[in-house]
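Have a look at the structure below, then the notes.
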Amino acid sequence: MEILIRGGRVIDPAQGMDRHLDVWIVDGKIAEVGADIRAPLQRAGDDPSTAPRIIEAQGCIVAPGFLDMHVHLREPGFEYKETIATGLAAAAAGGFTAVAAMANTKPVNDTPAVTEFMLRRAAAVRGTRLFPIGAVSVNLHGEELAEIGGMHKAGIVALSDDGMPVMNPRLMRRAMEYGRMLDLPILSHCEDHRLSADGVMHEGLISTALGLPGVPAVAEDVMVYRDIQLAAFTGAHLHVQHVSTAEAVDLVRRAKDKGITVTAEVCPHHFTLTHEAVRGYNTNTKVNPPLRTAEDVEAIKAGLQDGTIEVIASDHAPHHVAEKEQDYTAAPAGMIGLETSLGLSMRLYHTGVLALPQLIAKYTVHPASVLGVPYGTLRVGSSADVTILDPDYAYEVEAITFRSRSKNSPFLGWRLRGAAVVTIVSGEVIFERV
Ligand SMILES: [Zn+2]
Ligand SMILES: [Zn+2]
């Protein structure tokens, strides 16, 4: 099956490409990117059975397939929230050709057997690719190292205890030494549990007004600082997950200036909402780390602009409606994000914060390079993973349209502009907006 994508604006930050071009896909690979490609059409004139599928992309952006390097797919163990199949369907609809799935399943992905199970499940879906993330510690308990070598052979692309911080700095040091040896980045959920204690939202004026226990910004900052020091000491690649504070952005910026191998990601909710959103006690605004202040949002936007934060990831965290219907302190933290990530990020483009090539790089070449996977570009010969994005597609976020099994989004009812209209993996169309 061949595909010819015609007339779109091709943006491939990995090649510094931003031009109106056609993209020709043959046998699951990018065969050619060029102006007015006619070869497959001329050949089909002689033999119509060889005609390629033509996708007209006028007015759209044709980009390398988007990668979301931070999602929770809940299988094995919590299939009532999400399965690998429903999670990957949500990913495809969100424009993602690949996702990296965190290890906090049940059982935890701390052994090669669980890694292999996840990969088998994903292969059966034949849709969005899944990259498993291996746990740092057995059961995420932070006491002994997981079977890192075995999981590496089975196919993990990074290490993370996400959901739980690695409180023990000695264990983190050893994980980083393994990571360095095996060339696996350490993705760190930076939170000092003793400082965050039983906080459920950002600690500040609003938590006081609402009478809810707070998580101070410093609970994140001290761990970002610790992990940067450990990365400098061990030479490992530290990737700071879901940066939410101004100080964390600054720490990452200064670490980069010193030449320390550190990268960082931010979630759309952390640059879209502030702790003001918690007024009204909508439990879908409860996330970890929590929604912060307007100053933090400004610092995150500045970090996105100057490249301090090179990745946008959703931290897609499905929860059942009954779990979210508890009161604010009892409800679990997390919101779904795969199907709103792009629409929320496009607000950065529509408001002039980021240029499109900058924004697209944060979903393509940068996350691919953090994880060390050979995707995120439309270079000739690479796998034909493509996201076609209509920057002006306007829609309302509605629970009924979510492919995700869970509906816990604080963005229900929002009007967004910009969405994936076609998602292609290995030359197969896995999603089409009609
Ligand atoms: Zn986390
Ligand atoms: Zn997470």
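The values are calculated or read from the model by the stated rules, or taken from the named source; none is laboratory data. Not measured: the values here are computed from a predicted model. For neighbour counting, all protein chains shown are included, and Cβ atoms are generated from backbone atoms with ideal geometry for every residue, glycine included. What goes into the accessible areas is simple: the full protein's heavy atoms, side chains included, and nothing from ligands, DNA or RNA. Shrake-Rupley method; radii C 1.70, N 1.55, O 1.52, S 1.80 Å.
Kindly check whether there is at least one residue in the stretch 38-55 that is under 30 Å from Pro268 (Cα atoms), at pLDDT 95 or above and not in a loop (DSSP other than H, G, I, E, B).
yes
With respect to the numbered conditions (1) acidic (Asp, Glu); (2) surrounded by fewer than 19 Cβ atoms within 10 Å (Cβ to Cβ); (3) under 17 Å from the mean Cα position of the chain (by Cα), which one is the sole condition not fulfilled by Glu79?
In the conditions (1) acidic (Asp, Glu); (2) surrounded by fewer than 19 Cβ atoms within 10 Å (Cβ to Cβ); (3) under 17 Å from the mean Cα position of the chain (by Cα), Glu79 misses (3) alone.
Restricting attention to the stretch 376-398, does a residue exist that is aromatic (Phe, Trp, Tyr), in a loop (DSSP other than H, G, I, E, B) and at pLDDT 95 or above?
No, the stretch 376-398 contains no residue that is aromatic (Phe, Trp, Tyr), in a loop (DSSP other than H, G, I, E, B) and at pLDDT 95 or above.
Residues are listed down the side, and each one gets a yes or a no for (1) away from ligand 1 (no atom under 16 Å from the Cβ); (2) more than 24 Å from Glu247 (Cα to Cα); (3) in contact with a His (Cβ under 7 Å, 6 or more places away or on another chain):
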residue: Asn284; (1), (2), (3): yes, yes, no
residue: Arg292; (1), (2), (3): no, no, yes
residue: Ile309; (1), (2), (3): no, no, no
residue: Pro332; (1), (2), (3): no, yes, yes
residue: Gly343; (1), (2), (3): yes, yes, no
residue: Ser369; (1), (2), (3): yes, yes, no
residue: Pro374; (1), (2), (3): yes, yes, no
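Does the stretch 266-281 contain at least one residue that is open to solvent by less than 30 Å² (accessible area, probe 1.4 Å), within 16 Å of ligand 2 (Cβ to nearest atom) and within 27 Å of Arg180 (Cα to Cα)?
Looking through the stretch 266-281, at least one residue is open to solvent by less than 30 Å² (accessible area, probe 1.4 Å), within 16 Å of ligand 2 (Cβ to nearest atom) and within 27 Å of Arg180 (Cα to Cα).
Got a sec? Which of Asp183, Asp162, Asp192 is within 15 Å of ligand 1 (Cβ to nearest atom) and under 21 Å from the mean Cα position of the chain (by Cα)?
Checking each option against the conditions leaves just Asp162.
What number of residues within the stretch 229-243 satisfy the criterion of being among the aliphatic types (A, V, I, L, M) and either open to solvent by 10 Å² or more (accessible area, probe 1.4 Å) or within 14 Å of ligand 1 (Cβ to nearest atom) (or both)?
Of the residues in the stretch 229-243, 4 are among the aliphatic types (A, V, I, L, M) and either open to solvent by 10 Å² or more (accessible area, probe 1.4 Å) or within 14 Å of ligand 1 (Cβ to nearest atom) (or both).
Can you spot a residue in the stretch 226-233 that is assigned to a helix (DSSP H, G or I), within 16 Å of Ile300 (Cα to Cα) and either without any contact (Cβ under 8 Å) to a residue 60 or more places away in the chain or among the small types (Gly, Ala, Ser) (or both)?
Looking for residues that are assigned to a helix (DSSP H, G or I), within 16 Å of Ile300 (Cα to Cα) and either without any contact (Cβ under 8 Å) to a residue 60 or more places away in the chain or among the small types (Gly, Ala, Ser) (or both), one finds none in the stretch 226-233, hence no.
Looking only at the stretch 303-339, how many residues end up being within 16 Å of ligand 2 (Cβ to nearest atom), surrounded by 22 or more Cβ atoms within 10 Å (Cβ to Cβ) and free of Cβ contacts under 8 Å to residues at least 60 places away in the same chain?
1
Report whether or not Ala90 is in a helix (DSSP H, G or I), open to solvent by less than 50 Å² (accessible area, probe 1.4 Å) and touching a Leu at 6+ places or on another chain (Cβ under 9 Å).
Values: in a helix (DSSP H, G or I): yes; open to solvent by less than 50 Å² (accessible area, probe 1.4 Å): yes; touching a Leu at 6+ places or on another chain (Cβ under 9 Å): yes.
Spelling it out, Ala90 is indeed in a helix (DSSP H, G or I), open to solvent by less than 50 Å² (accessible area, probe 1.4 Å) and touching a Leu at 6+ places or on another chain (Cβ under 9 Å).
Residues of the stretch 286-302 being among the hydroxyl-bearing types (Ser, Thr, Tyr) and within 16 Å of ligand 2 (Cβ to nearest atom), which ones?
Correct list: empty.
Within the stretch 119-136, restricting attention to residues that are in contact with a Leu (Cβ under 6 Å, 6 or more places away or on another chain) and of a type in the set (Gly, Ala, Ser), which residue is farthest from His152 (Cα to Cα)?
Residue satisfying both the conditions and the ranking: Gly127.
Given the condition more than 30 Å from Leu184 (Cα to Cα) and more than 13 Å from the chain's Cα centre (by Cα), answer yes or no: does some residue in the stretch 353-371 qualify? It would help to see each step written out before you state the result.
Step one: filter the stretch 353-371 for residues more than 30 Å from Leu184 (Cα to Cα), giving 353, 355.
When the remaining residues are screened for being more than 13 Å from the chain's Cα centre (by Cα), the result is 353, 355.
The answer is yes, given that some residue of the stretch 353-371 is more than 30 Å from Leu184 (Cα to Cα) and more than 13 Å from the chain's Cα centre (by Cα).
Return yes when Val262 is more than 15 Å from ligand 1 (Cβ to nearest atom), buried (at least 24 other Cβ atoms within 10 Å of the Cβ) and of a type in the set (A, V, I, L, M) and no when it is not.
yes
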